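The next block holds one structure in the form of structure tokens; read it before the comments.
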Amino acid sequence: MASPATEPEVFDVVIFGASGFTGKYVVREALKFLPPNASPLRTLAIAGRSRDRLAAALRWAAAPGPAPDVPILIADASDRDSLAALAARARVLLSCAGPFRLYGRQVAEACAAAGTDCLDISGEPEFMERVEADLHEVAARNGSLIVSACGFDSIPAELGFLFNSRQWDPPSAPVSVVAHVSLESNKKIVGNFGTFESAVLGVANASQLQALRRSRPRPAKPNIPGPLPPKGKLIEHDKALGLWVLKLPSADTVVVKRTLSKLTEHPEGLPGGVEESPKFAERRKEFWSSVKPAHFGVKIGTRSLLGVLRFIWTGLFIGIVGGSSFGRSLLLKFPGFFSLGWFRKTGPTEEEVSSASFKMWFVGRGYSDLGGVLERRTKPDKEIVTRVSGPEIGYVTTPIVLIQCALVVLAQRVNLPEGGVYTPGIVFGPTDLQKRLEENGLSFDLISTRSIT
């Protein structure tokens, strides 16, 4: 008589794309939280197309120690059956294979169908909004929580905005919060080629994003006091921060605005399932009652004007040359030239990664006393500056953030929305994610509060 088939093991976390540039750093971060560490992460597997490359990534991530006994699973974004089998073996699947417009949709779809939670590190607005449009209902029905932008895009921006907003004690309120991002290093700053490729493809498909937005109901508009803030100049010198800053069309802006729209629809936040604890429900309601909506934008800053010109050079080439297929092929073949060395296919060296860091200042401007503002149409008279800072953005901060998000899901799943496609802010805002990040290398600081005229 044949013995009954053994059910495949289900892992707490499966990292898909684990042999990629960012994926191997995510593996290295995840290994820190396996037993005997007292974390909710008890079992881990890594997944991708090549067993040899995955094994090499695992050895790299574990160095200088021996590679741990972490199972390797084979799956390919072009093979839906392999993704379905993979999703069935994960409680939380971490999707690290980009560009996400090429490889992310299939992963999210498999998770939505299987009822598996899925977190990714995408910073691609069209991918994120299309997944929400196409998969929210099936994910909600099957109990799959799908959250994009769980890396440097866009957790520091989301939690940083919420942190600034909650500094405005009544009767004060913000009207605008602008994030000023500064990337710093005593070596050369080198970005992830995948980020460059995503930007190039995003420009090429900008019309598809606009068509998608036109096809969907308009998002709820938050009630923000006072007149619209002035648009300001494209390039400015912020003397207080000591930065030359340039307006940045950023995924962070899109994600924060989507969070505020969802909050407008659900002023107490998104309730967990039937097992949500009364204590957490009370915390969730208190947290969101202290958040004030505001206009949000992002600027990228550097200490020198020359650095701003470098950003402009890269943006112009992506915007102009990326309009044709031939131009895109040139951009992707010679990223170092078109970005003045900011991006390269080989990525940064370990020394360049370890020497880099970021600071993100949130400059909030609003009213010290909201009473009568709408009638008087007065200018903002108060400024609150906060800051989020941390290590290198792509290979250190992103893995830290992604793994901490996964640990929150594992430890607090009953308190989170049962299922659906959401932004990270609306899901993780009232959790202890900020505290976890502060314990793992990021800082959230109140810098200044002052009156302005």
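The values are calculated or read from the model by the stated rules, or taken from the named source; none is laboratory data. Fair warning: this is a prediction, and the values are worked out from it, not measured in the lab. Don't worry about glycine lacking a Cβ; one is built from the backbone with ideal geometry, like all the others, and counts go over all protein chains shown. For accessibility, only protein heavy atoms count, side chains too; no ligands or nucleic acids. Shrake-Rupley method; radii C 1.70, N 1.55, O 1.52, S 1.80 Å.
Of the conditions (1) outside any strand (DSSP E or B); (2) within 30 Å of Ala294 (Cα to Cα); (3) more than 22 Å from the chain's Cα centre (by Cα), Gly341 clears all except one; give me its number.
Condition not satisfied by Gly341: (2).
Cβ-Cβ below 9 Å, separation at least six or inter-chain, first residue in segment 107-134 and at positive phi, second at pLDDT 95 or above and open to solvent by less than 30 Å² (accessible area, probe 1.4 Å): which pairs?
Gly115/Ala87; Gly115/Ala139; Gly115/Gly143; Gly115/Ser144; Gly115/Gly419
From the list Phe296, Phe311, exactly one residue is closer than 19 Å to Met360 by Cβ, touching a strand residue (DSSP E or B) at 6+ places or on another chain (Cβ under 8 Å) and either modelled with pLDDT under 85 or in a loop (DSSP other than H, G, I, E, B) (or both). Which is it? I'd like the intermediate steps shown before the answer.
Details: Phe296 fails: either modelled with pLDDT under 85 or in a loop (DSSP other than H, G, I, E, B) (or both).
Answer to the selection: Phe311.
Any idea how many residues of segment 389-422 are under 16 Å from Ser277 (Cβ atoms), in contact with a strand residue (DSSP E or B) (Cβ under 8 Å, 6 or more places away or on another chain) and not aliphatic (A, V, I, L, M)?
Number satisfying all stated conditions: 3.
Which numbered condition trips up Leu370, out of (1) open to solvent by 30 Å² or more (accessible area, probe 1.4 Å); (2) touching a Phe, Trp or Tyr at 6+ places or on another chain (Cβ under 7 Å); (3) farther than 30 Å from Glu184 by Cβ?
Here Leu370 meets the rest and fails (2).
Are any of the residues in segment 35-46 in contact with a Ser or Thr (Cβ under 9 Å, 6 or more places away or on another chain), among the hydrophobic types (A, V, I, L, M, F, W, C) and open to solvent by 10 Å² or more (accessible area, probe 1.4 Å)?
No, the conditions are met nowhere in segment 35-46.
Please find, among Pro222, Pro227, the residue that is modelled with pLDDT of 95 or more, surrounded by fewer than 20 Cβ atoms within 10 Å (Cβ to Cβ) and in a loop (DSSP other than H, G, I, E, B).
Working: Pro227 fails: modelled with pLDDT of 95 or more.
One residue alone meets the criteria, Pro222.
Would you mind stating whether Leu102 is within 24 Å of the chain's Cα centre (by Cα) and in a strand (DSSP E or B)? Quick ask: steps written out before the conclusion?
Numbers: within 24 Å of the chain's Cα centre (by Cα): yes; in a strand (DSSP E or B): no.
In short, no.
Of Glu184, Glu137, Glu158, which residue is open to solvent by 40 Å² or more (accessible area, probe 1.4 Å) and either within 30 Å of Thr349 (Cα to Cα) or in contact with a Phe, Trp or Tyr (Cβ under 9 Å, 6 or more places away or on another chain) (or both)?
Glu184
Mind checking which pairs have a first residue in segment 149-163 that is of a type in the set (Asp, Glu) and a second that is at pLDDT below 95, Cβ under 6 Å, 6 or more apart or different chains?
Going by the 6 Å Cβ cut-off, the qualifying pairs are Asp153/Gly123; Asp153/Ala251.
Restricting the first residue to segment 39-50 and requiring it to be over 23 Å from Asp76 (Cβ atoms), which pairs with a second residue that is crowded, with 16+ Cβ neighbours inside 10 Å and among the small types (Gly, Ala, Ser) meet a Cβ separation below 8 Å and a spacing of at least six or different chains?
Leu41/Ala30; Leu41/Ala406
Return the total of residues in segment 271-296 being surrounded by fewer than 20 Cβ atoms within 10 Å (Cβ to Cβ) and touching a Gly at 6+ places or on another chain (Cβ under 9 Å).
Total satisfying the criteria: 6.
Would you mention how many residues in segment 151-169 are assigned to a helix (DSSP H, G or I) and either of a type in the set (Lys, Arg) or closer than 15 Å to Val298 by Cα (or both)? Outline the logic, then answer.
Here is the first cut: in segment 151-169, the residues assigned to a helix (DSSP H, G or I) are 155-165.
Subset that is either of a type in the set (Lys, Arg) or closer than 15 Å to Val298 by Cα (or both): 155-162, 164.
Total satisfying the criteria: 9.
For segment 98-125, give me the residue count where each residue is at pLDDT 95 or above, among the hydrophobic types (A, V, I, L, M, F, W, C) and crowded, with 24+ Cβ neighbours inside 10 Å.
8
Right, Phe334: more than 30 Å from Ala411 (Cα to Cα), free of Cβ contacts under 8 Å to residues at least 24 places away in the same chain, open to solvent by 30 Å² or more (accessible area, probe 1.4 Å) and out of contact with any Cys (no Cβ under 6 Å at 6 or more places or on another chain) or not? Talk me through it step by step, then tell me what you get.
Numbers: more than 30 Å from Ala411 (Cα to Cα): yes; free of Cβ contacts under 8 Å to residues at least 24 places away in the same chain: yes; open to solvent by 30 Å² or more (accessible area, probe 1.4 Å): yes; out of contact with any Cys (no Cβ under 6 Å at 6 or more places or on another chain): yes.
Against the criterion (more than 30 Å from Ala411 (Cα to Cα), free of Cβ contacts under 8 Å to residues at least 24 places away in the same chain, open to solvent by 30 Å² or more (accessible area, probe 1.4 Å) and out of contact with any Cys (no Cβ under 6 Å at 6 or more places or on another chain)), Phe334 qualifies.
Based on this model, can you work out whether Val408 counts as among the hydrophobic types (A, V, I, L, M, F, W, C), within 27 Å of Trp288 (Cβ to Cβ) and at pLDDT 95 or above? First the steps, then the outcome.
Numbers: among the hydrophobic types (A, V, I, L, M, F, W, C): yes; within 27 Å of Trp288 (Cβ to Cβ): yes; at pLDDT 95 or above: yes.
When the stated conditions are applied, Val408 passes them.
Name the one entry in Arg80, Arg59 that is touching a helix residue (DSSP H, G or I) at 6+ places or on another chain (Cβ under 7 Å) and surrounded by fewer than 16 Cβ atoms within 10 Å (Cβ to Cβ).
On the way: Arg59 fails: touching a helix residue (DSSP H, G or I) at 6+ places or on another chain (Cβ under 7 Å).
Result: Arg80 is the single residue among Arg80, Arg59 that is touching a helix residue (DSSP H, G or I) at 6+ places or on another chain (Cβ under 7 Å) and surrounded by fewer than 16 Cβ atoms within 10 Å (Cβ to Cβ).
Could you tell me whether Ala85 is farther than 19 Å from Ala30 by Cα, assigned to a helix (DSSP H, G or I) and under 16 Å from the mean Cα position of the chain (by Cα)?
Values: farther than 19 Å from Ala30 by Cα: yes; assigned to a helix (DSSP H, G or I): yes; under 16 Å from the mean Cα position of the chain (by Cα): no.
In short, no.
Do you know which of the residues in segment 429-447 that are open to solvent by less than 30 Å² (accessible area, probe 1.4 Å) and of a type outside the set (A, V, I, L, M, F, W, C) is nearest to Leu41 (Cα to Cα)? Before you say what the answer is, go through the steps one by one.
We begin by selecting, within segment 429-447, every residue open to solvent by less than 30 Å² (accessible area, probe 1.4 Å); these are 429-431, 433, 437, 442, 444.
Remaining after also requiring of a type outside the set (A, V, I, L, M, F, W, C): 429-431.
Details: Gly429: 21, Pro430: 21, Thr431: 17 Å.
Only one residue fits best here, namely Thr431.
Restricting attention to segment 17-57, report how many residues are over 22 Å from Val353 (Cβ atoms) and part of a strand (DSSP E or B).
Number satisfying all stated conditions: 3.
May I ask you to list the residues in segment 399-428 that are touching a Ser or Thr at 6+ places or on another chain (Cβ under 9 Å), in a helix (DSSP H, G or I) and either open to solvent by 10 Å² or more (accessible area, probe 1.4 Å) or without any contact (Cβ under 8 Å) to a residue 12 or more places away in the chain (or both)?
Leu410, Ala411, Gln412, Val414, Asn415
Return the residues of segment 230-260 that are open to solvent by less than 50 Å² (accessible area, probe 1.4 Å) and either touching a Lys or Arg at 6+ places or on another chain (Cβ under 7 Å) or of a type in the set (Lys, Arg) (or both); say none if nothing qualifies.
Of everything in segment 230-260, those that are open to solvent by less than 50 Å² (accessible area, probe 1.4 Å) and either touching a Lys or Arg at 6+ places or on another chain (Cβ under 7 Å) or of a type in the set (Lys, Arg) (or both) turn out to be Gly242, Leu243, Val245, Leu246, Arg258.
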